[in-house]
Amino acid sequence: MAFVESIGRSTIDGLAYVGQLARLTGRATRDIFVTPPQGRGLRYRRAVHQAMSVGVESLPILSLITFFIGVILALQSAYELRKFGALDLVATAVAISLTRELGPLMTAIVVIGRSGSAFAAEIGTMKVSEELDALETMALDPVRFLVAPKLAAMLLMMPCLTTWADFMGVSGGALFGVTSAGFTISSYFHATLNALLIRDIVSGLIKSVMFGLVITTVGCQEGFLTGLGSEQVGRSTTTAVVKSIFLVIVVDFVFTALFYVTGPA
């Protein structure tokens, strides 16, 4: 019975946490899309600053990782395709794998490590130092002041980063294709374009938007839940990273299954 009770308690706690995330998402989304026409606009300077931090500063590490992911995908695909004399399908395998799955997922993992943890640490530190209470004292809503600009920046930059990650991954695959599979640069990219459908690219971009939503809300929520003491900031940051990765994988599964079910027969 104790085991069953622990499962039930964990389930209830998990559903309550998802409800907190949904509430935070609703408030931040309202502050982005609803309140500006009512005269209480989004703080665009903070949003631009967050966009630079989330997007531009992530490009070097994201480019390096996804380039080598593309090379690895090409090597692994060629290892099997070579048995069937189908090395010309390497470009197809790399392109579809990246645009549908690995491009958005690797982008999300990089952003979680760089920005999701930073969101939790920033808000957690503000709570420990009672800056959140100071904001409320000055009649500033912490969600509108802190979360909404982060969410706006993430929703804007995640599709851009994913598109760049797809390109760098395809470029990594092209390196292998040109050096070891008999492609030229033009023929490799031509084969890539022939292999891709609009659906493949759009599905990856939709996933990236949902990943950005999850990363922002989990990071900010863990910051708001930070307990007293500097040690709690580190715990909140670690928890934010772990929960973000888990929920991103869950969202990825849900949307992959949805696209599979609604895909062409």
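Derivation of every value follows stated rules applied to the coordinates shown; laboratory data play no part. Remember, predicted model here, so these are calculated numbers, not experimental data. For neighbour counting, all protein chains shown are included, and Cβ atoms are generated from backbone atoms with ideal geometry for every residue, glycine included.
In table form, for the structure just shown:
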| read-out | value |
| --- | --- |
| Contour excess over end-to-end distance, with Cα ends at LEU75 and ALA195 and 0.36 nm allotted per residue | 41.4 nm |
| Relative contact order [Cα under 8 Å, 6+ residues apart], the chain, whole percent | 30 percent |
| Lysine pairs with alpha-carbon atoms under 23 Å apart, the chain, spacing 8 or more or separate chains | 5 |
| Sum of -39500 (n - 2.57) over DSSP H runs of 4+, divided by residues of the chain (222 nm, nearest 500) | -26500 deg cm²/dmol |
| Dipole moment magnitude, nearest 20 debye, the range 50-132 about Cα centre, only Lys, Arg, Asp, Glu C-beta charged | 340 debye |
| Structure-derived Kirkwood radius over Cα pairs in Å: which label, when the choices are [x] 20.1; [y] 18.8; [z] 19.6 | [x] |
| Approximate spin-label separation PHE3-VAL202, in nm, with each point projected 7 Å along Cα-to-Cβ | 4.7 nm |
| Mean Cβ count within 10 Å, highest first, over the residues of peptides 174-181, 5-12 | 174-181, 5-12 |
| Positive-end residue of SER208, ILE69, MET52, charge dipole of the range 44-261 with Cβ unit charges | ILE69 |
| Using alpha-carbon coordinates, inclination of helix 148-180 to the longest axis of the chain, degrees | 20 degrees |
| Positive-pole candidate from VAL248, LEU156, GLY223, dipole of the chain, charges at beta carbon | LEU156 |
| log₁₀ of I(q)/I(0) at q = 0.19, 0.20, 0.21 Å⁻¹ - the range 131-238, Debye sum with one point per alpha carbon | -1.00, -1.05, -1.10 |
| Ranking of ILE72, ILE61, ILE215, ILE109 by count of other Cβ atoms within 10 Å, fewest first | ILE61, ILE72, ILE109, ILE215 |
